[in-house]
1. Being crowded, with 19+ Cβ neighbours inside 10 Å and more than 17 Å from residue 85 (Cα to Cα) is the filter; apply it to region 11-46 and report the residue that is modelled with the highest pLDDT.
2. It is to be established whether one or more residues within region 47-65 are in a helix (DSSP H, G or I), modelled with pLDDT under 85 and not charged (D, E, K, R).
3. Hey, among the residues in region 1-10 that are within 19 Å of residue 57 (Cβ to Cβ) and modelled with pLDDT under 90, which one's surrounded by the most Cβ atoms within 10 Å (Cβ to Cβ)?
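The values are calculated or read from the model by the stated rules, or taken from the named source; none is laboratory data. This structure is a prediction, so every number in the text was calculated from the model and none was measured. When we count neighbours, we look across all protein chains shown, and the Cβ atoms used for this are built from the backbone with ideal geometry, even at glycine.
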Amino acid sequence: MNTTLRKTRAAAEHALRSTRTDAAHLRLLDLLHALKAYEEAVGGDPAEIGPRLERLRTATARVVAGVRGSGPVSVPAAVTVRELDEILAGALWTAQSREPELIAG
């Protein structure tokens, strides 16, 4: 599968490693499952992209709301996979009060 949401996955995996509650852990696992389902639809069945994107947005919103109490993650209707990755990863990093550290190199 060539199309992945690498930044979103990195933010979710980082949050999963540092989570302190079972509820947050379960929300993050749900997010990772939704992420995988979306990536499979993008790489395979175009008819499934819409429903799986909605599940991914909802799972991301649950993670963000659990950390900061903010609302759902807004995603424009016509968005590329790269833009989607930036939006979702940004919401996750903001919810963790962190920015990703870039490795020089």
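1. The extreme case among them is 27.
2. Within region 47-65, one or more residues are in a helix (DSSP H, G or I), modelled with pLDDT under 85 and not charged (D, E, K, R).
3. Filtering region 1-10 for residues that are within 19 Å of residue 57 (Cβ to Cβ) and modelled with pLDDT under 90, the one surrounded by the most Cβ atoms within 10 Å (Cβ to Cβ) comes out as 4.
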